[in-house]
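Below is one structure, written out as structure tokens; the observations come after it.
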Amino acid sequence: MSGQKFDNKVIQWVDDRLPIFSILQHSAVEYPTPRNLNYWWNFGSLAGLVLVIMILSGLFLAMNYAANSALAFTSVEHIMRDVNYGWLLRYLHANGASMFFIVVYIHIFRGLYYGSYKAPREVLWWLGLVIYLLMMATAFMGYVLPWGQMSFWGATVITNLFSAFPVVGDYIVTLLWGGFSVDNPTLNRFFALHFLLPFLIFAVVFLHVVALHTVKSNNPLGIDVKGPQDTIPFHPYYTIKDLFGIGVFMMVFLGFVFFAPNFFGEPDNYIPANPMVTPAHIVPEWYYLPFYAILRSVPDKLMGVLAMFGAIIVLFFLPWIDSSKVRSAKFRPLYKQVFWIFLANTFVLGYIGGQPPDDTTVMIGRIATAVYFGFFPLLWLLGKIEKPRPLPLSISAPVLKAKTAAQPMEKA
């Protein structure tokens, strides 16, 4: 029997036997949330929204797609030209991938800035990184499905990276290909995995939300909730805030879908895959470019692959690398500067990853790679030498102080 009481007798009857409404009431309505969350906290809910859009649009696209190397490109053209609103489904799905990565990257960097990876949120941080890795795998496999030139050669180049691993590398590549070259078996297994992985992402997102509600949300001040005065119910305060964020986001998202649907795409992918013709410049999607730049900056193939994977794996150790007791960069003047340098350096890596390799771009890429990996030992050192600014006594203290200061003084 649930402890929650509802006015509707049908809802109450169901809830007494399956307390789903009580869980929703607690998690989405009464859930106590820090009262000072800003709009950077909207990007978690936005990521969930895009995930739902991607799963639904992908489901309808799969109904009309042919996972066959002889038919895949033609089936995509069929979706675009002959299926009712097929063009809309495809553009929602293709641009949705970029939107998904944009909101997740903002979500990750917000966590870095406000120290959301620190205790007791280590598992929450890990689950977020697992979601990110699954997104990267899903997006890569999805990029192969149109079976255009960039799809085919991107799959060839990226899967060949695994051959750098000694002993097992060639076996991994053969397993990914389903043979001895990128061909029909590759397309089949990539389609199957691309269909499956979003549901796995959804399951990890569920665990991510459970972990969030267990350890509670971080906040811009990075201090723990001291009492009821520091929290407000999630509904209506943050549901309204999220709805406003969703409105703004959907205007941007649909702006790309309707007015610039190929902004994030590659023109070569509108040419059918041809194993006999190599594109002049093979580049992955933009959200992989920082890691692609790290890969290219290391002259040895195996070390480059290890550096590329290491750039993500090192993030799992961030809760212990950061030795500072203070979470938020608002109170860490040195870390705040280092953070903005790290963010700018990530953009540099992304730009370099999209450029043809020459002496200049390779040198810049190596410097940017050194800065990227140098951030982590520097973060540990800052925790030892940095003198943070004093923290407020509670989340509500700065608000109450500002309110008191704004009140006019009484006449004597």
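The values are calculated or read from the model by the stated rules, or taken from the named source; none is laboratory data. In this text, all values refer to a predicted model and were calculated from it rather than measured experimentally. Glycine also receives a Cβ, built like all others from the backbone with ideal geometry; neighbour counts cover every protein chain displayed.
Descriptive notes on the structure:
- Any chance Val314 is assigned by TED's automatic domain parsing to the domain that holds Ala119 and either touching a Leu at 6+ places or on another chain (Cβ under 9 Å) or not in a loop (DSSP other than H, G, I, E, B) (or both): no
- Breaking point among (1) surrounded by 16 or more Cβ atoms within 10 Å (Cβ to Cβ); (2) outside the structural domain of Ile102 (by TED's automatic domain parsing); (3) in contact (Cβ under 8 Å) with a residue 40 or more places away in the chain, for Val29: (1)
- Verdict on Trp13 being assigned by TED's automatic domain parsing to the domain that holds Met251 and at pLDDT 90 or above: no
- Residue list for the range 36-80, restricted to those being assigned to a loop (DSSP other than H, G, I, E, B) and either of a type outside the set (Gly, Ala, Ser) or in contact with a Gly (Cβ under 9 Å, 6 or more places away or on another chain) (or both): Asn36, Leu37, Asn38, Met63, Asn64, Tyr65, Asn68, Leu71
- Selection count where residues are of a type outside the set (Gly, Ala, Ser), closer than 18 Å to Phe234 by Cα and part of a helix (DSSP H, G or I), scope the range 1-35: 7
- Qualifying residue in the range 343-350 (condition: free of Cβ contacts under 8 Å to residues at least 40 places away in the same chain and within 30 Å of Pro166 (Cα to Cα)): no
- Top-ranked residue of the range 136-175 - restricted to ones that are among the aliphatic types (A, V, I, L, M) and touching a Ser or Thr at 6+ places or on another chain (Cβ under 8 Å), ranked as surrounded by the fewest Cβ atoms within 10 Å (Cβ to Cβ): Ile172
- Remark: Ala139 matches the filter, which requires a residue to be assigned to a helix (DSSP H, G or I), in contact (Cβ under 8 Å) with a residue 60 or more places away in the chain, among the small types (Gly, Ala, Ser) and touching a helix residue (DSSP H, G or I) at 6+ places or on another chain (Cβ under 9 Å).
Residues are listed down the side, and each one gets a yes or a no for (1) small (Gly, Ala, Ser); (2) in contact with a helix residue (DSSP H, G or I) (Cβ under 9 Å, 6 or more places away or on another chain); (3) within 24 Å of Thr33 (Cβ to Cβ):
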{"position": "Ile158", "(1), (2), (3)": "no, yes, no"}
{"position": "Gly169", "(1), (2), (3)": "yes, yes, no"}
{"position": "Phe199", "(1), (2), (3)": "no, yes, no"}
{"position": "Ile232", "(1), (2), (3)": "no, yes, yes"}
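- Residue match in the range 212-223 (condition: in a helix (DSSP H, G or I), closer than 30 Å to Pro390 by Cα, among the aliphatic types (A, V, I, L, M) and out of contact with any Phe, Trp or Tyr (no Cβ under 7 Å at 6 or more places or on another chain)): yes
- On the stretch given as the range 32-81, residues that are charged (D, E, K, R), touching a helix residue (DSSP H, G or I) at 6+ places or on another chain (Cβ under 7 Å) and surrounded by fewer than 14 Cβ atoms within 10 Å (Cβ to Cβ) total 0.
- Residues of the range 322-333 that are part of a helix (DSSP H, G or I) and either surrounded by fewer than 17 Cβ atoms within 10 Å (Cβ to Cβ) or in the same structural domain as Pro220 (by TED's automatic domain parsing) (or both): Pro333 alone.
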